[in-house]
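Bear in mind these aren't lab numbers, they're just calculated from the coordinates by the rules spelled out. Since this is a predicted model, take the numbers as computed values, not measurements. Here the Cβ positions follow ideal geometry from the backbone for every residue, glycine too, while neighbour counts run over all protein chains shown.
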Amino acid sequence: MIELKSITKIYSNGDISTYALKGISFRIKDGEYVAIMGPSGSGKSTLMHILGCLDTPTSGQYFLDGKDVSSFSEEELADIRKEKIGFVFQAFNLLPRATVIRNVALPLTYAGVPKEKRFTIAEKAVVSAGLDEDHLHYYSNQLSGGQMQRVAIARALVNNPSILLADEPTGNLDTKTGEIVLDTFKRLNNEGRTIVLITHEPDVAMHAKRIIHIKDGGIISDESN
């Protein structure tokens, strides 16, 4: 599904060039649960943006489902994000004045799915993310942190993406609530979903089945867990 070949990312500021990624190469198969772990400044956020088609590499190739997306246009990358990748972020990014069902259905609205159909799809995504149906008409500010993150997971699932990309998804949660969210990822992976988890926390990374550890823009280990 995912193959990176010698991915390099360089940020330039005048005469100064900073290498964020230095020849990153790896493959992720369908149905894998992979954690990409590293300290602040390791390059993991840059790598996440490239994997999520939010940015392009300076050099190297990124193959997604056999297509080299590293040279795609902004419009083509937007289509890839819409069709193949679901994002879960640390900050939840929910609309506070919208109900759970409306937050989850939002990507379907942009995709032009009819109202009745998108609410049915959104309801199934909420249940799949492990949130009780009783919360469908709650507003996000009526929910706990863990419930909000599960709404965010449901929103990421609603377009049925082939990849779920989670960036520090437990960063704003206490340990117990974080474990509930991580259990949700485990269950989704057991159902066949490909998950890539970005984290700086070893105990969070341990929930994945494979850990790619990066430091100073390069891979220092890649091991099954």
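Worth a mention:
- Shown for Glu201, Glu32: other C-beta atoms within 10 Å of each C-beta, ranked fewest to most, produce the order Glu201, Glu32.
- Sorted by Cβ neighbour density within 10 Å, fewest at the top, the residues Asp222, Asp134, Asp203: Asp134, Asp203, Asp222
- Antiparallel bridges, percent of DSSP beta bridges restricted to the range 1-51 (to nearest 5): 100
- Look at the alpha carbon pairs under 8 Å that are at least 6 residues apart: their mean separation over the length of the chain gives a relative contact order of 29 percent.
- Cα gyration tensor shape for the range 132-174, rounded if a/c is under 1.5, else prolate or oblate: oblate
- Note that the range 38-51 has calculated 3J(HN,Hα) couplings of x, x, 4, x, 7, x, 5, 5, 4, 5, 4, 5, 6, 4 Hz, one per residue in order, obtained from phi through the Karplus relation 6.51 cos²θ - 1.76 cosθ + 1.60 (θ = phi - 60°); glycine and proline are x.
- Relative contact order for the range 112-209, counting Cα pairs under 8 Å that sit 6 or more residues apart, in percent: 26
- The chain: calculated mean residue ellipticity at 222 nm from DSSP helix runs of at least 4, using -39500 (n - 2.57): -10500 deg cm²/dmol
- Placing +1 on each Lys and Arg Cβ and -1 on each Asp and Glu Cβ, with no other charges, gives the range 32-111 a dipole about its Cα centre of roughly 440 debye.
- If you run the Gaussian network model on the chain, springs between alpha carbon atoms under 10 Å, then out of Gly171, Gly112, Gly41 the most flexible one is Gly112.
- From phi via Karplus (6.51, -1.76, 1.60), per-residue ³J(HN,Hα) for the range 18-28 in Hz, x at Gly/Pro: 10, 8, 7, 10, 10, x, 6, 9, 6, 10, 10
- Evaluated with a Cβ-only charge set (Lys, Arg +1; Asp, Glu -1), the chain carries a dipole of roughly 260 debye about its Cα centre, given to the nearest 20.
- Here the Karplus relation 6.51 cos²θ - 1.76 cosθ + 1.60, evaluated at θ = phi - 60°, turns the backbone of the range 207-212 into coupling constants of 6, 7, 8, 8, 10, 9 Hz, with x for every Gly and Pro.
- Distance violations [Cα-Cα > 32 Å] among Lys9/Lys124; Lys44/Lys115; Lys117/Lys209; Lys29/Lys176; Lys9/Lys209; Lys44/Lys176: Lys9/Lys124; Lys44/Lys115; Lys117/Lys209
- Shape call, the range 101-141: gyration tensor on alpha carbons, a/c limit 1.5: prolate
- Debye, to nearest 20: dipole size of the range 134-179, +1 on Lys, Arg Cβ, -1 on Asp, Glu Cβ: 120
- If both residues of a DSSP beta bridge must be in the chain, then about 55% of such bridges are antiparallel.
- In the chain, inverting the average of 1/r over every pair of distinct C-alpha atoms gives 18.0 Å as the Kirkwood radius.
- Remark on the range 35-154: Rg and Dmax equal 16.6, 49 Å (Cα only).
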